[in-house]
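To start, the structure itself, in structure tokens.
The values are calculated or read from the model by the stated rules, or taken from the named source; none is laboratory data. Every value quoted in this text rests on a predicted model; they were computed, and no experiment measured them. Here Cβ is always computed from backbone atoms with ideal geometry, including for glycine, and neighbour counts include all displayed protein chains. To get the accessible areas, we keep the full protein, side chains included, count just its heavy atoms, and leave off ligands, DNA and RNA. Shrake-Rupley method; radii C 1.70, N 1.55, O 1.52, S 1.80 Å.
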Amino acid sequence: MKKQISGLIGILITTVLWSAAESNSSKSSWGVSGQSETVGVYRNTTGSGANTTNDGTSFRQDLGIKTKGKIGDAKAGVEVRGRATNDKRVSPNTADLLSFRSYYTTERLNVEVGDVAKMYNPLIFSNSLKGGKVGVKQKVGETKSIEYSMIGGIQSSSWKETFQQEQDQRDAIAAEVKYRHNRAQSLALSVSYAKDRLADSNTTPAFDRNSSEALSAGLQWDWRFNRYLRFKGDTAVTNTTNTLTGGSTETKTAVRMTLYTKPVRSVNSNFKYERYDGGFNTLVGSATQDRERMENTTSWAINRQLRSRMTLKYSRDNLDGKSLSGTQKIYDGLVSLNYRPDFVKRGDIGLRLQYTERDGRGLDTKQTNAGVDFTDRLKSGWRYGFGYEFTDYQVDSNGSGDNQLHTLRGNVGWKHNFDKTNRVRVTLKLDISLFDNSDSNLSQKRFGGTFDAGYDFGRQFAVDALFTSKNTNRDLSDNTSYELYQLISQYRPFGTNGHVLKLNLQRRDYHGSTTTGSYVEDEARLAYAFAF
């Protein structure tokens, strides 16, 4: 697979550059653009809980280059982005090729090599690869068309790992045929194959998967019948095998469907159903395993001022009754109202009530949430708001009793434009939380806030100052506090984002328990970015 990828990259780059040279001789327009960012960081940490591993001075250089133009009626180009750094928190490698992509596109054909990604049926394939993809579009009518596409390559986190024998990797290939009846009606058939390939010195796969080989196929549809009814969904079946242990092949299925309805102009009601077998895994798709879920969401615009929304959910796991120690069922209901009175032209009042119950596997819980909030925005530039939320949490199985949480939030802000390029903004946010356990008399209080102020001096200079504080007081335990001080400034010498000089100064001050310790971290970051 690596040799094939290298060959494809070489062939496509050669073709693009040769064609570009031929096109340039015919006075065709080709151009080169890019962006660069140089960053220097100084970090110093002190205190009993300090981690000094990344202290000192570090540098990072990012560079991206693009060249694109036309080859006849086709569009073609090459994009490369790389990074060099000595900061281990950014990258473990001193130099990396972050991304590479070359493409050739016509009205009917699209070819890409390098870092390629594709979204087919998400259950079948939803991933990015180091490899190539090709797509062909064929019109079969004025509004109808058929699209054929294929993608293949290696799934790895970097190009450096792609060509290393000691790294675990995954080979994958997928294809799709999609029929578009019109813009709102389509059907697609997708297939994919993926296989884990272990390094020579490794006997345990690095991939967190249940299987190391999968062959999958599925159908995806999105069909709007009229303005009142739309049906959308995905279904898939996969054969998975653990080649490391020599396990038997298992066939698993998955389905998810959504029915969108609009019975009257002011009402929308959507129904969703999902079911994933235990062990369902296509390796290169995205799906939750071993779960069945049903959901209905209904929204109603009662009048110009009042809107409501209701959501009902039910889900359960352990569908085959074998994977877990029991089946857990979850019931969830949510009702919300939003009211915009005439006397507050730019304000909203919101009410929210939610109830969640979990039953099974030795953990039975009931949780009730209720909240109210108000926000308003004045023409003078002032904005303010507040909210209160109450949570009652009951655990019935272990007798831990009733837990209650009260949360109060508030914010006020002001923004003013002196002219088109000079403006000031100020925001203050405060929140207080009180937690109480009725059985153990163990309470906890949290309070904190954020102050943020900024000013834009014309098109060239901007400055922001931020202060955040969080304090937690616990009964029968150590109290903790955290403060963040930050100053951010930007200078644009030409008044545009094409050249930007950034300076970031910040301090983190954490006072923890006797176990975690305390620390103070100071950091200065200077960066210069420009585009060409």
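Brief remarks on what is shown
- Here's the picture: charge each Lys and Arg Cβ at +1 and each Asp and Glu Cβ at -1 in region 466-532, and of PHE494, ASN471, TYR528 the one pushed furthest to the positive end of that dipole is PHE494.
- Under 25 Å from the Cα of LYS137 - lysines, other chains or at least 8 residues apart: LYS68, LYS70, LYS75, LYS118, LYS178, LYS232
- Modelled label reach - THR261, point 7 Å along Cα→Cβ, region 330-362 residues with backbone N closer than 14 Å: none
- The simple Förster model, with R0 at 51 Å and r as the Cβ-Cβ distance, assigns VAL412 and SER513 a FRET efficiency of 0.95.
- Taking the protein heavy atoms of the chain in the context of the full set of protein chains, the accessible area attributed to carbon and sulfur is 55 percent at 1.4 Å.
- On full extension, the segment bounded by PHE390 and THR105 gains 97.0 nm, given 0.36 nm per residue less the C-alpha separation.
- Computed from backbone phi, the HN-Hα couplings of region 29-37 come to 7, 10, x, 10, 9, x, 8, 9, 9 Hz, rounded to whole numbers (Karplus: 6.51 cos²θ - 1.76 cosθ + 1.60, θ = phi - 60°; Gly and Pro given as x).
- Nearest-10 value in Å² for the accessible area of HIS511, using the 1.4 Å probe: 90 Å²
- Shape summary of region 95-161, radius of gyration then Dmax from alpha carbon positions: 14.2, 50 Å.
- Cα gyration tensor category, rounded, prolate or oblate, for region 213-335 with a/c compared to 1.5: oblate
- 222 nm mean residue ellipticity, helices alone, for the chain (DSSP H n ≥ 4; -39,500 (n - 2.57); rounded to 500): -1500 deg cm²/dmol
- Separation of the GLU295 and TYR339 label points, Cα + 7 Å toward Cβ, nm: 2.9 nm
- Over all pairs of different C-alpha atoms, the chain has a mean inverse distance whose reciprocal, the Kirkwood radius, equals 28.9 Å.
- 1.4 Å probe accessible area per residue over region 23-159, in Å²: 52 Å²
- Options VAL140, PHE280, GLY333, ranked by Cα towards positive dipole end of the chain, top entry (Cβ charges): VAL140
- Cα gyration tensor, region 126-165 - rounded (a/c under 1.5), prolate or oblate: prolate
- Within straight-line cross-link reach of LYS445, aspartates and glutamates at Cα separation under 19 Å, skipping those fewer than 8 residues along the same chain: GLU389, ASP392, ASP402, ASP431, ASP436, ASP475, ASP478, GLU483
- Residue-level accessible surface for VAL140, protein heavy atoms, 1.4 Å, Å²: 70 Å²
- Free of any GluC sites (Glu not before Pro) that DSSP assigns to a loop and that have at most 13 other C-beta atoms within 10 Å, the longest stretch within the chain is 167-532.
- For region 300-400, the average shadow cast by the Cα convex hull is 9.2 nm², which is a quarter of the hull's surface.
- Spin-label model distance (nm) - LEU63 vs ASP222, 7 Å beyond Cα toward Cβ: 4.0 nm
- Rounded accessible area of LYS445 (nearest 10 Å², 1.4 Å probe): 100 Å²
- Prolate/oblate/rounded call for region 61-145, Cα gyration tensor, a/c under 1.5 rounded: oblate
- At most 16 other Cβ within 10 Å, DSSP loop - chymotrypsin sites (Phe, Trp or Tyr not before Pro), region 470-504: PHE494
- Placing +1 on the Cβ of every Lys and Arg and -1 on the Cβ of every Asp and Glu, with nothing else charged, gives the chain a dipole about its Cα centre of roughly 2580 debye.
- Loop-located trypsin sites (Lys or Arg not before Pro) in region 248-349 (DSSP state not H, G, I, E or B) with no more than 12 neighbouring Cβ atoms inside 10 Å: ARG265, ARG304, LYS322, LYS345, ARG346.
- Candidate residues ASP522, ASP392: accessible-area rank, largest first, probe 1.4 Å: ASP522, ASP392
- Sites THR375 and VAL32, calculated FRET efficiency, Cβ-Cβ separation with R0 56 Å, nearest 0.05: 0.70
- Accessible area of region 304-423 divided out per residue, in Å², using a probe of 1.4 angstrom: 62 Å²
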